[in-house]
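The values are calculated or read from the model by the stated rules, or taken from the named source; none is laboratory data. Small disclaimer: the values here were computed from a predicted structure and weren't measured. Glycine gets a Cβ as well: all are built from the backbone with ideal geometry, and neighbour counts include every protein chain shown.
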Amino acid sequence: MSKRIIAAGVSAALLLPSLALAESNQEIRAIRRELESMREAYEMRLRELEARLEQAESRAREQTVAPESAPVPTPQQPLPQTAHAHAPRSFNPALSVILQGSLNSYSQNPEDYALPGFQLGGEAGLPAEGFTLDETEIIASANVDHLFAAQTTIALHDDGDETEIELEEAYVDPLALPVGLGGRFGRFYSDIGYLNRFHPHAWDFRDTPLAYRAFLGRQYGDDGVRLSWIAPTDIYLSLGAERFAGNNFPAGESQRTLGDVQSLYLKLGGDVGASHAWQAGLSGLWVDAHDRAGDGHAHAGEADPEASFSGDSTLAIADVVWRWAPQGNPRQRNLKLQSEFFYRDESGDVTVSEGAASGLLDYDGTQKGWYAQAVYQFIPHWRLGLRYDWLSADNDLSVLDLGGFADADDAVAASGLNSDGHDPQRWSGMLDWSPSEFSRLRLQYNRDESRADDTDHQWTLQYLMSIGSHGAHEF
Amino acid sequence: MGRRIAALLVCLAAWLPVDSNANLEVFACEPEWAALVEEIGAQRVEVFSATTAQQDVHHIQARPGLIARVRRADLVVCTGAELEAGWLPVLLRRAGNPAVQPGTSGYFEAADHVTMLEKPASLDRAEGDVHARGNPHIHLDPRNIEHVASALGDRLAALDPAHATSYRAALADFERRWQAARARWEQQAQPLRGMPVVVHHPSWVYLNQWLGLRQVTSLEPKPGVAPTARQLAEILNLLHATPARVVIRTPYQDPRPSAWLHERAGLPVLELPFTVGGSQQASDLFGLFDSTIALLLEVQQ
């Protein structure tokens, strides 16, 4: 019935301009009459439904309210109409869309971006210069039934002239696991480190720390399973293990049925008084990488070299977060301190290709990095942030096969894994304004010394807008 | 290495929580519900309040310490109606406790048991912090406390059937004391009927309805949106035409807008306890209403 009305309405709307031109007043009257009669029928049906609803409600009231002990309600306060009714008044599933865009300026060419000593993979590059639409995220989540809950995040972003659709996460959480056990399966971000599980819109800066860029290709997510457990203690203690296929950086192409990537983590957390709260974690990621692709180091005017790694990669992360809010009320002022330390050991083969040349290197390296940041909300809606990043690589590389490269130095340089003693570092300052929980405008400056010789002054003006269901106040 | 740790994980998982002396562990989102559970559960329950009167319940973070508490809870008691929308779902999702998920008997929403006021006709975020089911600050009408107490008593009895009679007896005792107190408050508050007030945030609609206070305006132009200087100046103009007796706010709300109004309009500012723990006198539910009414009567005279 209502569908017919909508159809009639839509066709009427479409017809209106032509009707005006055609001066067919009679037709208008006829349609009007028809709509009128439809509306009457519709209203009658509505009244009928209302009456039935009222009856049902009064029946429910008799059944659910006023057990013998209930007090007699005062006349001016009617009894609840929705007693025990658990119907959520929101959409099912909960939907939200997050719009993000920015204006970026760099003093160096973002195409040349490199972190000497580190293979850049995943989404480790810089956003394009000028006006860009970063990622538009569509998030849907709901309980599937009494046993499962599901969530998916679909990101749309531009790659050249085309809009790419990326399924960032699509996972299922079992709801009924006993004794503090939790699980997840599908595609999801690993819970290693502190920042890894957060989507870009929840970051406190416009970009990830350099360590995430270098060690995890921005952040590590893959297809797999997780089992976690929370201890029944006053202090928060959680242990987790994840198994991933190994199709994304820092892995390459998945080879084994049960996956190439294993993670383990331990998280601790608690409150200190009413005003302080903390969380600390230790994580390990064991990767058996097969043909892990990444950009090499380009020489001016030459074809972009590529380096592909196969071998073992073991990463350890220690993280700590400390939050302060006066009396535990973050609305007016609050401070968040956060730091993570990364250590990685890698060994295996690297295939370097540049133009027609394709050489093979033996690679054994250790890398470390850390960052520390502070974000301070000094008045409601306004936050200031400061961050420092540091990375260092100590890689041994020897040529197994020159494969067309002029000499060993040439092949090693093209791999990008030779840091030449340069330790990338970066200072970042951020100011953001969030008029509500759903919108944020941010200005950020990076003094980026990733490259060996040149300091890049990076400026970003960014917006983040969230529509739809209420987001979570994650710690 | 990985296998050894996995084995350790399984061993730890089998390590079940140690029983405490209390029969039920209750996680209350707000101090008023913690106090109510204590009235009915007495020594049979161990209650943890996730928030204090100094905190704005809309803006709590899902801290690890809270996740650990939900993990152990037998019952979660919250206001509901989206008041805790930003953090409670995260706690429930991450705590790994199937016994307290929405829809189970271990999950209790107070808003299910009262008549909600200020149900929005339409939902639009441009209108500020509106809640689809209505204004969630339901606890400042003692009649609502009665409705919730009765449902909560049933719930505790159902969760711990061995002691059902003692919960029911405690409930009956609480109801008797509460009804006597309410009659006294209503008597005392007679002079407050019709008193014009300015509020910081619509936190007081249920108190207004019960005592017949007349809300002239709210300092926040829209719920949850801080007023600008110009909007405060407009309120000052409004107050020339429709004078109010007092500005009321909670302990956690920004004192500056009401202080501004106090300076310009000479309007007294009253920080009411708002919930249990909001002032020294408000150490329990009875004290909360005793001191709220006493403070209002002071400015009325």
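All of A:ASP173, A:ASP161, A:ASP223 fail the test of being within 11 Å of another protein chain (Cβ to nearest Cβ) and among the acidic types (Asp, Glu), apart from A:ASP173. For region A:425-439, a residue qualifies if it is surrounded by 15 or more Cβ atoms within 10 Å (Cβ to Cβ) and more than 14 Å from chain B (Cβ to nearest Cβ), and the qualifying residues are A:GLN425, A:ARG426, A:SER428, A:MET430, A:ASP432.
Taking region B:1-99 and the helices (runs of 4 or more DSSP H) fully enclosed by it, the elements with 2 or more residues that are within 19 Å of B:VAL276 (Cβ to Cβ) and at pLDDT 95 or above are at B:31-41, B:64-72. Residue check: is B:GLY134 at pLDDT 90 or above and over 30 Å from A:ASP173 (Cα atoms)? So B:GLY134 fits the description; yes. Scan region A:449-475 for residues that are part of a strand (DSSP E or B) and either hydroxyl-bearing (Ser, Thr, Tyr) or more than 25 Å from A:ARG197 (Cβ to Cβ) (or both) and the total you get is 9.
Name the single residue, out of those in region B:144-161 being more than 9 Å from chain A (Cβ to nearest Cβ) and free of Cβ contacts under 8 Å to residues at least 12 places away in the same chain, that is farthest from B:ALA181 (Cα to Cα). The extreme case among them is B:PRO161. Filtering B:ARG182, B:ARG168, B:ARG193, B:ARG133 for residues that are free of Cβ contacts under 8 Å to residues at least 24 places away in the same chain, in contact with an Asp or Glu (Cβ under 9 Å, 6 or more places away or on another chain) and within 13 Å of chain A (Cβ to nearest Cβ) leaves a single hit, B:ARG168. For B:ASP141, the criteria (1) acidic (Asp, Glu); (2) in contact with a His (Cβ under 9 Å, 6 or more places away or on another chain); (3) more than 7 Å from chain A (Cβ to nearest Cβ) hold in every case but one, which is (2). In region B:226-252, what residues are under 20 Å from the mean Cα position of the chain (by Cα), of a type outside the set (S, T, N, Q) and either within 19 Å of B:HIS59 (Cα to Cα) or within 14 Å of another protein chain (Cβ to nearest Cβ) (or both)? Residues satisfying the conditions are B:ARG249, B:PRO251, B:TYR252.
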